[in-house]
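Peer 1: Here you go, one structure.
What follows is calculated from the coordinates using simple rules that are stated; it is not laboratory data. Everything numeric in this text was worked out from a predicted model, so none of it was measured. Cβ sites come from the backbone with ideal geometry, for glycine too, and all protein chains shown count toward neighbours.
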Amino acid sequence: MAVQQFALGALPAAPTGRCPEVRRARKYLEATHESVSGLLDSFNVVHEKTVTSRANAQGRLGRDELDLLRAALVFTSSGLDASCHTLVGECLRVLVDRPGSTAAKKFDLYLDEESARRADEFRAALKDPNPRAKFIDLYAEAKTKASYQGTDDLKDRVKDLLGIPNKTVDTKRIASLSGFFVARNDIVHRLDYVDPRSTSVKRHHRSPGDVVAECDLVLGLVADLIGGAAEVVRGK
């Protein structure tokens with residue numbers, strides 16, 4: 001009996017041309033793709049053994065199978081954070097010094113808003129041998145210290161922050177990841193229990209096809225954010 005195999009699609013091509021600011025983010029993305037692919041390979045092995053050991057091939061997935069699918073979603077989320085944090089941190093250092101850029105305008109607004117609230121840190125930055133570089137460090141740190149909790153977060157703290165245009169990464173594409181973030185938060189914050197406040201031990205059922213599709217959506221979007229950031233940095 002043939003058992004369906006599940007695998008990620010290939011990543012979109014890496015940006016062409018010289019742009020060292022996106023190189024490390026792309027490296028993290030490729031490492032994530034490799035790790036999630038490995039988890040799906042393990043799922044396929046376990047799933048095949050489970051299916052061939054029972055008469056009903058349409059039976060529900062076992063705990064080990066579901067845990068591998070949950071791990072694939074969590075690894076994808078970790079790769080999203082690592083890649084996008086790195087992308088923002090390294091591209092901002094170029095873009096905030098470009099007059100009139102979206103990043104430069106947002107940096108100026110940040111200085112206005114934060115100067116009173118973070119007085120001690122700002123005074124220390126002013127005493128630094130290179131104050132502007134220190135302020136840029138504080139800005140990049142503020143924008144990358146927390147994980148991305150939802151689609152609005154990803155839009156505001158990556159796409160809009162770097163000035164990546166809609167023609168490169170449409171806002172609707174980012175909004176389409178809402179299901180992924182719900183699943184990720186259920187797993188990370190609630191161990192995937194349907195109602196963690198009750199005595200029930202029922203957990204969300206994950207479809208392997210749906211998990212692969214969600215991971216593909218996320219990794220493909222991150223690849224395009226990296227490509228879009230490269231275009232902005234190069235001034236295209």
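Peer 1: Which whole-Hz ³J(HN,Hα) couplings does the stretch 22-29 yield from phi under the Karplus relation 6.51 cos²θ - 1.76 cosθ + 1.60, θ = phi - 60°, glycine and proline marked x?
Peer 2: 9, 5, 6, 4, 5, 4, 5, 4
Peer 1: Can you match P(r) over Cα pairs in 10 Å bins from 0, in percent to one of these, [x] 7, 28, 28, 20, 11, 4, 1, 0; [y] 7, 25, 26, 18, 14, 8, 2, 0; [z] 7, 27, 37, 22, 7, 1, based on a calculation from the structure here?
Peer 2: The value matching this structure is [x].
Peer 1: Nearest 0.05, what FRET efficiency do LYS27 and GLU113 give at R0 = 35 Å with Cβ-Cβ as r?
Peer 2: According to the calculation, E is roughly 0.60.
Peer 1: With everything on Cα atoms, drop me the angle between helix 178-190 and the longest principal axis of the chain, reported from 0 to 90° to the nearest 10.
Peer 2: The two axes meet at around 80 degrees.
Peer 1: At R0 = 22 Å, how high is the FRET efficiency between ARG60 and TYR193 if r is their beta carbon distance? Nearest 0.05 is fine.
Peer 2: Efficiency, from the Cβ-Cβ distance: 0.85.
Peer 1: Once you place label points 7 Å from the Cα toward the Cβ at GLN5 and ASP210, how far apart are they in nm?
Peer 2: Simple spin-label model gives 2.5 nm for this pair.
Peer 1: Let me ask another. For helix 63-95, what angle does its Cα long axis make with the longest principal axis of the chain, in degrees from 0 to 90 and rounded to 10?
Peer 2: Tilt relative to the chain: about 10 degrees.
Peer 1: Counting Lys and Arg as +1 and Asp and Glu as -1, each charge on the Cβ, what is the dipole of the chain about the Cα centre in debye, to the nearest 20?
Peer 2: 180 debye
Peer 1: Below 25 Å, Cα to Cα, which lysines can LYS134 reach? Residues fewer than 8 away in the same chain don't count.
Peer 2: Cross-link targets: LYS105, LYS106, LYS143, LYS145, LYS159.
Peer 1: Taking the 0 to 90 degree range and rounding to the nearest ten, how far is the long axis of helix 208-233 tilted relative to the main principal axis of the chain, both from C-alpha atoms?
Peer 2: Once rounded, the angle reads 20 degrees.
Peer 1: Taking loop as defined by DSSP and a crowding limit of 15 other beta carbons within 10 Å, which trypsin sites (Lys or Arg not before Pro) in the stretch 1-109 fit?
Peer 2: ARG18, ARG54, ARG60
Peer 1: Compute a Gaussian network model of the chain, connecting alpha carbons closer than 10 Å, and tell me which residue from GLU21, GLU113, GLU48 fluctuates the most.
Peer 2: GLU113
Peer 1: Hey, another quick one. Rounded, prolate or oblate: which one fits the stretch 109-166, using the alpha carbon gyration tensor with axes a ≥ b ≥ c (rounded when a/c is under 1.5, else prolate when a/b beats b/c, else oblate)?
Peer 2: Prolate, since a/c reaches 1.5 and a/b exceeds b/c.
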